[in-house]
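The values are calculated or read from the model by the stated rules, or taken from the named source; none is laboratory data. Please read these numbers as outputs of a predicted model, since none were measured by experiment. Here the Cβ positions follow ideal geometry from the backbone for every residue, glycine too, while neighbour counts run over all protein chains shown.
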Amino acid sequence: MKLILAPGQLEGIDPSHMADNLSENECTLICDASYKGGIAGVSVQIITNKKSYGPYQSSLRTKGPIHSELTAVYKGLSVVAKFEGINSVFVYTDCNYAWCFLQGFWKPQRPYIKGLLEKIKLLKSSVPFHIFFFNVKAKAVKKIDREAHKARRKEEEKNQQRIQERVIKVEEAIIRGRQVEIIENEENGEKIYYARPKEGGFGKGFRVSLAPLSCECKGWIERWKNVPQAGRNARRLPCKHICALAEYLGVNIFDLFQKQIERTN
């Protein structure tokens with residue numbers, strides 16, 4: 001990314017871009033985002049000479065604060081695109097980096113930034129209005145910022161609930177795993193583990209491993225057979241046999257599956 005210093009931020013929103021001074025063909029779009037740990041809240045407000053719409057807020061998964069701010073701009077413009085009779089839109093963001101990308105001062109290197117800017121560019125080419133981007137200080141969009149924070153915190157609470165539900169599932173698998181015995185064998189000089197019921201078990205049972213994480217049981221294989229490998233790695237929680245092996249080897253199963261349990265998507 002080539003660094004080009006942007007002009008100083010505007011102190012606030014141009015009064016001529018507020019409702020009392022807008023023509024019926026003009027619109028002001030105020031955007032902001034709040035990002036933390038993969039979760040973003042975005043908020044937009046749309047102002048015409050007849051009415052103020054919003055602030056509208058939503059939460060989503062993004063890949064950083066700049067990506068979040070650009071997402072807010074894209075979402076806002078997508079709403080304005082449905083309005084009729086607009087020929088000029090004045091877009092405000094308090095993110096200097098996002099503004100530099102939108103103005104074309106910086107060339108994106110990260111694919112997700114590049115992809116989002118392409119979507120904004122495509123939207124710009126498909127609408128009948130001109131778009132003007134302005135960079136303002138955070139205090140100028142304070143109201144919208146509060147709404148973005150609310151949306152993010154709401155999603156964080158939901159995510160914490162989902163994490164707790166995953167923790168409970170793992171705890172239940174650990175309890176079921178205590179009815180499993182681990183059989184240790186050596187094959188071709190390599191230590192191999194099998195899991196079978198403590199009572200009524202026969203044969204070797206299911207081959208199970210912690211490195212790599214694998215088990216021959218249906219719960220580990222069948223449910224996930226149509227899911228791409230990346231999705232399996234990111235989402236699959238341990239079966240009772242893996243839990244039993246982890247306990248047998250003195251490995252903390254929650255450390256082993258921390259990313260899957262605490263994921264935000």
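Residue by residue, here is whether (1) modelled with pLDDT under 95; (2) touching a strand residue (DSSP E or B) at 6+ places or on another chain (Cβ under 7 Å); (3) more than 15 Å from S59 (Cα to Cα); (4) exposed (fewer than 12 other Cβ atoms within 10 Å of the Cβ) holds:
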residue	(1), (2), (3), (4)
V141	yes, yes, yes, no
D145	yes, yes, no, no
E155	yes, yes, no, no
N159	yes, yes, no, no
V167	no, no, yes, no
A173	no, no, yes, no
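Taking the conditions (1) assigned to a helix (DSSP H, G or I); (2) touching a helix residue (DSSP H, G or I) at 6+ places or on another chain (Cβ under 9 Å) in turn, T28 satisfies each one other than (1). Could you check the stretch 91-135 and list, in sequence order, the residues that are farther than 18 Å from D32 by Cβ and either in contact with an Asp or Glu (Cβ under 8 Å, 6 or more places away or on another chain) or assigned to a strand (DSSP E or B) (or both)? Listed by number, the list holds a single entry, H130.
Within the stretch 24-46, restricting attention to residues that are hydroxyl-bearing (S, T, Y) and under 21 Å from E262 (Cα atoms), the residue that is surrounded by the fewest Cβ atoms within 10 Å (Cβ to Cβ) is Y35. Here K107, K119, K114 are screened, and the one residue that is surrounded by fewer than 22 Cβ atoms within 10 Å (Cβ to Cβ) and free of Cβ contacts under 8 Å to residues at least 40 places away in the same chain is K114. Of the residues making up the stretch 151-185, those that are touching a residue at least 40 places away in the same chain (Cβ under 8 Å) and not in a helix (DSSP H, G or I) are R178, Q179, V180, E181, I182. Within the stretch 31-52, being outside any strand (DSSP E or B) and either in contact (Cβ under 8 Å) with a residue 40 or more places away in the chain or over 24 Å from H130 (Cβ atoms) (or both) holds for G37, G38. Looking across K82, K75, K63, one residue alone is closer than 20 Å to Y35 by Cα, of a type outside the set (D, E) and in a loop (DSSP other than H, G, I, E, B). It is K63.
Just so you know, in the stretch 10-44 the residues that are farther than 18 Å from K150 by Cβ and β-branched (V, I, T) include one that is modelled with the lowest pLDDT, and it is I13.
Among residues of the stretch 47-59 being surrounded by 19 or more Cβ atoms within 10 Å (Cβ to Cβ) and under 18 Å from the mean Cα position of the chain (by Cα), the one that is nearest to K143 (Cα to Cα) is Q57.
Screening the candidates I221, I163, I131, I168 for the property of being under 30 Å from E11 (Cα atoms) and within 28 Å of the chain's Cα centre (by Cα) yields one hit, I131.
Checking each residue in the stretch 63-93 for being buried (at least 23 other Cβ atoms within 10 Å of the Cβ) and either modelled with pLDDT under 95 or closer than 19 Å to E156 by Cβ (or both) picks out S68, E69, T71, A72.
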